[in-house]
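This report refers to the structure that appears directly beneath it.
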Ligand SMILES: [Zn+2]
């Protein structure tokens, strides 16, 4: 229908139909549709891609070794239709003297958060200052097991890159995949001691993405209490729960049980947002028979509470095909969403709101 209206409009201009005639045509053409949705600005889900226009969880830096260059990666975003991204470093870097590029390949090698990758990101950003895609720099250096190091770190960033970092994370509260690399879950005492830096984030309205595994297939809710404690202590922080707490280690939780847990926390903590990044969610959960509908219905009930992402890690041995595939796979859930959740998640409305951006997501064109 949009094509008809705009087609009529341009034709009208060319052959000089009076505006009254044109208005009459438009009224007929838009019968049953509100004026706002009758403009060509609405998003037609039938004709346009279902892949998200926001990548809120994108690691511009790898664990170690060569990275895809900044220019190449921003090229991937433009090519795939991603207009906004959060520019994460990586919460776990390998030692500079290690040959390893992926921590799972080198158990025993310690991985720790570092400022190096954030500084490289900030330097690249400063040099290019791209408008398209719009990028949000994130502080990834925070070591949640050593919270006393965080406020001085933020001060250093403020000095070197004043006002430039607008996000925090992804940081690791508990990440089982890193256990062989000497990562340990943060303790209750650690969480209590986050208070000073959580206040800074709160005062600045900065979201923090926290990786907090719920548990493993053997002990499905073993670590849930750590996330709960975080939410209980910091209910006024904008906390984004990476991967909704799912992981490769927790591959077979009953989706109903998982949804119940997450829903309870969303109800209790209005500032909690779900991060739907990582293809593992599609591969292990959404793609299973009957499961997609359960999650889509859940997101439709909470259309403002989730943001999309790929969790792509820009290691130098990957290329555009890998990014495009991860974007497609992590976006498949979008197809099952109702229009409101689609606008909130895939079209970026929730991400823009979380960041206090002026950017608005288009309305979805009404079907029919
Ligand atoms: Zn990640």
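What follows is calculated from the coordinates using simple rules that are stated; it is not laboratory data. Here the structure is a predicted model, which is why all the values come from computation and not from measurement. Methodologically, a virtual Cβ is constructed for each residue, glycine included, from the backbone with ideal geometry; neighbour enumeration extends over all protein chains shown.
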Next item on the list: State, to one decimal in nm, how far the label point of residue 288 lies from the label point of residue 46, with both points 7 Å from Cα in the Cβ direction.
Entry: 3.6
Check: What order do you get for 54, 262, 96 when you list them from fewest to most C-beta neighbours inside 10 Å?
Finding: 96, 262, 54
Note to self: As a footprinting exposure proxy, order 228, 184, 46, 282 by other Cβ within 10 Å, with the fewest listed first.
What the structure shows: 46, 184, 228, 282
Next item on the list: Would you mind checking the tilt of helix 320-335 against the longest principal axis of the Cα atoms of the chain, expressed as 0 to 90 degrees and rounded to 10?
Entry: 70
Check: Taking Cα atoms, how many degrees apart are the long axis of helix 116-128 and the longest axis of the chain, rounded to 10 and kept between 0 and 90?
Finding: 30
Checklist line | Helix axis angle, 255-268 relative to the chain longest principal axis, alpha carbon, degrees | finding: 90
Next item on the list: Could you please rank 118, 300, placing first whichever residue has the fewest other Cβ atoms within 10 Å of its Cβ?
Entry: 300, 118
Next item on the list: Let me know the shape class of the range 46-355, please: from the alpha-carbon gyration tensor, a ≥ b ≥ c as square roots of the eigenvalues, rounded when a/c is under 1.5, otherwise prolate if a/b is greater than b/c, or oblate.
Entry: rounded
